[in-house]
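Asks: The structure under discussion is supplied below as structure tokens; questions concerning it will follow.
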């Protein structure tokens, strides 16, 4: 049987002696039962999420009560206004 010791500087666990292995040849995880943890298998139910429809490309689900900053709208207004004024310089009066 192996004995475990911990390095006081790093806390890393080191094993001395023979390393225990499972019948499949794998090293067991510390604290794992002898039989091992069996993964949950089976069908997964698919929830119909309207935010993940294929026709919706840029929708993101936000937490309830989330609002965008007013500065985004102010910045969009300024950008569109500057774009319109910039394009109007190409047309003579």
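The values are calculated or read from the model by the stated rules, or taken from the named source; none is laboratory data. The structure presented is a predicted model; accordingly, all values stated were derived computationally and were not measured.
Asks: Based on this model, can you work out whether residue 29 counts as part of a loop (DSSP other than H, G, I, E, B) and modelled with pLDDT under 75?
Replies: On the way: part of a loop (DSSP other than H, G, I, E, B): yes; modelled with pLDDT under 75: yes.
So residue 29 passes the test.
Asks: While we're on this one: Which of the residues that make up segment 32-79 are at pLDDT 70 or above and not in a loop (DSSP other than H, G, I, E, B)?
Replies: 70, 71, 72, 73, 74, 75, 76, 77, 78, 79
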